[in-house]
Amino acid sequence: MRRPLKHSPKHFHKHDFFDALPDDLVLFILSKLSHTASSPSQFITVLLTCKRLNQLGLNRLVLSRAGEKIFAVKAKSWSEDAHRFLRRCVSAGNVHASYTLGMIRFYCLENRDSGFKLIAQAATRSHAPALYSLAVIQFNGSGGSKSDKDLKAGVALCARASLLGHIDALRELGHCLQDGYGVTRNIAEGRRLLIQANARELAFVLRSVSKSFPSRLRSSLLKGRLHPQLGNNACRMEWTYPLLSDYGYNVAVPEVHPANRFLRDWFESGRGVLGEELRLCAHIGCGRPETRPHEFRRCSVCGKVNYCSRGCQALDWKLRHKVECSPVDAWVGENVGVGGGDAVRGGNGEGGADVVHNGVAQNMEAR
């Protein structure tokens with residue numbers, strides 16, 4: 001039998017196919033990964049694989065296309081390295097990094113000018129959350145005094161964000177029209193926008209459910225019923241979807257934006273300390289703090305919760321405050337007319353509200 005040929009070591013070459021890939025192809029793959037990664041660790045783990053991936057992963061092209069979940073930095077993990085990475089992404093032209101870093105600087109690091117410029121930079125590129133955040137800042141005069149409020153600018157920014165599909169901005173615009181806040185009062189148009197916001201919300205949830213559950217479970221899930229084969233503990237939901245209860249649905253709350261989650265965790269974890277008489281927005285998905293005493297509206301029924309916007313009040317009412325709110329008369333005389341804090345009536349936010357401006361109650365039409 002003929003013996004197999006032996007290859008001489010000098011003719012044997014070990015091929016590394018990864019090293020043979022062109023940089024353009026690797027950059028394309030990394031760009032896709034940065035855009036679709038579900039967490040910062042998922043992207044960073046790839047960068048730590050080898051020196052080449054680390055170098056190409058920090059390329060401007062890759063960083064400019066990174067998705068918002070890449071910047072979901074936890075407040076307890078905040079460091080100068082994280083700050084440097086966000087700055088690098090901003091320099092690469094990433095709009096999500098600009099908005100996230102702007103929110104962190106404005107509300108957490110109290111660098112108002114720099115934070116505002118970064119949020120505005122994202123807004124000029126039609127970033128809907130940035131437009132809505134600028135609207136909230138204008139409505140409250142955040143970072144300044146009560147005289148710095150610009151209601152008309154806030155309404156204009158909400159209108160722009162709503163055209164880009166931002167549901168909270170559309171809801172806020174509806175409340176502004178219904179209450180005559182920064183715009184000529186138009187109750188019918190305001191209610192139409194609120195209904196439209198609910199419809200968009202419903203469509204968003206239905207799309208999410210259709211991707212997450214088999215078709216045979218969607219109907220029973222949306223009606224708040226469990227599939228008989230799944231048992232009592234299956235599909236248990238911690239929260240119900242805030243506004244869809246108007247239509248008889250029971251769907252999980254959508255994911256909170258990384259910037260808003262960072263704000264709430266920053267103050268609740270103790271990394272950031274609120275000044276005396278400063279409060280957080282009570283809506284669990286917001287996290288915005290006051291920048292001056294009595295900046296936010298307070299529930300005029302219980303006086304225990306505060307909201308940066310009417311949209312947050314409407315969401316939190318359906319989510320949890322409806323079962324917690326109880327009348328308290330003692331706070332009504334407290335701080336009214338001091339610092340200019342407004343008050344919103346506890347309610348579903350879909351109709352009118354009793355709003356206190358400068359200590360004078362102006363009764364709006366209830367739904």
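The values are calculated or read from the model by the stated rules, or taken from the named source; none is laboratory data. Quick caveat, the model's predicted, so the values are computed rather than measured. Counting neighbours? That spans all protein chains shown, and the Cβs are built from the backbone with ideal geometry, glycine included. We work out accessible area using only protein heavy atoms, side chains counted, and drop any ligands, DNA or RNA first. Shrake-Rupley method; radii C 1.70, N 1.55, O 1.52, S 1.80 Å.
With every protein chain in place, what's the accessible area of Phe28 (1.4 Å probe, Å², nearest 10)?
Roll a 1.4 Å probe over it and Phe28 shows about 110 Å².
Could you tell me whether the stretch 28-88 comes out rounded, prolate or oblate from its Cα gyration tensor? Rule is a ≥ b ≥ c as square roots of the eigenvalues, rounded for a/c under 1.5, then prolate if a/b exceeds b/c, otherwise oblate.
Working: a/c = 1.59, a/b = 1.40, b/c = 1.14.
Prolate, because a/c is 1.5 or more and a/b exceeds b/c.
Report the accessible area of Ser126, computed with a 1.4 Å probe over the heavy atoms of all protein chains in place, in Å² rounded to the nearest 10.
The accessible area of Ser126 comes to roughly 50 Å².
What ranking, highest mean first, results for peptides 79-88, 134-143, 186-195, 269-278 when packing means the other Cβ atoms within 10 Å averaged over each residue?
Numbers: 79-88: 13.8, 134-143: 23.8, 186-195: 16.7, 269-278: 11.8.
In descending order of packing, they fall as 134-143, 186-195, 79-88, 269-278.
Under a 5 Å amide H to amide H cut-off, with H placed in plane at 1.01 Å, what residues pair with Gly287 once short-range neighbours are removed?
Close amide H contacts, sequence-distant or interchain: Cys281.
Give the peptides 310-317, 112-119 in descending order of average Cβ contacts within 10 Å, highest first.
Ranking, from highest mean packing down: 310-317, 112-119.
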